[in-house]
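The values are calculated or read from the model by the stated rules, or taken from the named source; none is laboratory data. Keep in mind the model is a prediction, meaning the values are calculated, not measured. For neighbour counting, all protein chains shown are included, and Cβ atoms are generated from backbone atoms with ideal geometry for every residue, glycine included.
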Amino acid sequence: MESPYKPDILKGKVALLTGGGSGIGFEISKQFGLHGASIAIMGRRQHVVDSAVSVLHSLGIPAVGFTGDVRNQEDAKRIVESTVQRFGRLDILVNSAAGNFLVPSDDLSPKGFKTVMDIDSVGTFTMCHESLGYLKKGGEGKSSSDRGGIILNISATLHYTASWYQIHVSAAKAAIDAMTRNLALEWGTDYDIRVNGIAPGPISDTAGLSKLAPKEINGGKDDIEANKIGEKWDIAMAAVYLVSDAGKYVNGTTHVVDGGHWFSKPRYLPKDAVKQLSRVVEKRSRQEPSGLPPKSKL
């Protein structure tokens, strides 16, 4: 699909993306690059990182890849510093690395819960912490007149209500949303850093959809079809907006990009039937006693 943005809207920017070698993270990496940014990808699997960088190079995008784990502070520090050494600065950090799997809460071990919390929430904070010196206004690689950098956290909508068999991911994403608001308040005030998030809905061709809505469960994604399944491009376009000057007045918010899926419910009655039923109910209510005591006469 054709981008609605100018191809140079991110010209001169340097972006580091965790989990940027696959799924939504890779699409964001690609779209940032196609809009002028230089790209650094961080991931745990060497072959995934190498393949992603190769694709970006084939598109003419300046890109480099690093293997590392967001849970490891030394890895985070090394990769942030390596990105700056390669491109001279760091303007955008996207925290896209995540872990998820379906499990009933009574079968989830504390270790399994902690693993997802460590990857999603602790990992997000670790990357933010190690990037601060380069993202803040006047930070290394920036002049004092430069604006601060931008942090974009990939969240979810699971915790807005409640989700079956996703207590670990829901807790982790709720922590990320709180982190987004608090860092926007503190670092936005002190360092001119904008911190926002995106909460994607069901997105086709992603590990999240195949793991959390497999076809074996009540038809899987066929059940979601009525509420529409999004594309990775949809999330990437929202990301381009939030990290560009088009979103310069947006700070501390998590944008839901799910086609309205999170608040939708099955239509249990056809629209035409609602009109007829409504008339019947209203007529009955006028005929039935109100149940209120009669008014006293003076």
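Worth pointing out:
- Residues within segment 124-177 that are hydroxyl-bearing (Ser, Thr, Tyr) and in contact with a strand residue (DSSP E or B) (Cβ under 7 Å, 6 or more places away or on another chain), tallied: 4
- Close pairs from segment 11-26: first without any contact (Cβ under 8 Å) to a residue 60 or more places away in the chain and under 16 Å from Val55 (Cβ atoms), partner of a type in the set (S, T, N, Q) and surrounded by fewer than 24 Cβ atoms within 10 Å (Cβ to Cβ), Cβ under 9 Å, at least 6 apart: Gly21/Ser51
- When restricted to residues that are in a strand (DSSP E or B) and at pLDDT below 95, segment 11-34 contains 0.
- Hits in segment 37-63 - residues which are over 25 Å from Val122 (Cβ atoms) and surrounded by fewer than 18 Cβ atoms within 10 Å (Cβ to Cβ): His47, Asp50, Ser51, Ser54, Val55, His57, Ser58, Leu59, Gly60, Pro62
- When residues of segment 90-110 are limited to those that are touching a strand residue (DSSP E or B) at 6+ places or on another chain (Cβ under 8 Å) and not small (Gly, Ala, Ser), the one nearest to Phe125 (Cα to Cα): Asn95
- Looking only at segment 186-217, and only at residues there that are modelled with pLDDT under 95 and among the β-branched types (Val, Ile, Thr), the one that is nearest to the chain's Cα centre (by Cα): Ile203
- Residue check for Glu81: farther than 12 Å from Ala40 by Cβ and either charged (D, E, K, R) or buried (at least 16 other Cβ atoms within 10 Å of the Cβ) (or both): no
- Near pairs, Cβ below 8 angstrom, 6+ apart or cross-chain, from segment 150-170 (free of Cβ contacts under 8 Å to residues at least 12 places away in the same chain) to any residue that is surrounded by fewer than 22 Cβ atoms within 10 Å (Cβ to Cβ) and among the charged types (D, E, K, R): none
- From the list Phe113, Phe66, Phe87, the one residue that fits, being buried (at least 16 other Cβ atoms within 10 Å of the Cβ), of a type in the set (Phe, Trp, Tyr), more than 24 Å from Trp187 (Cα to Cα) and in contact with a strand residue (DSSP E or B) (Cβ under 9 Å, 6 or more places away or on another chain), is Phe66.
- Counted residues, segment 17-42 - those being under 19 Å from the mean Cα position of the chain (by Cα) and farther than 22 Å from Glu231 by Cα: 2
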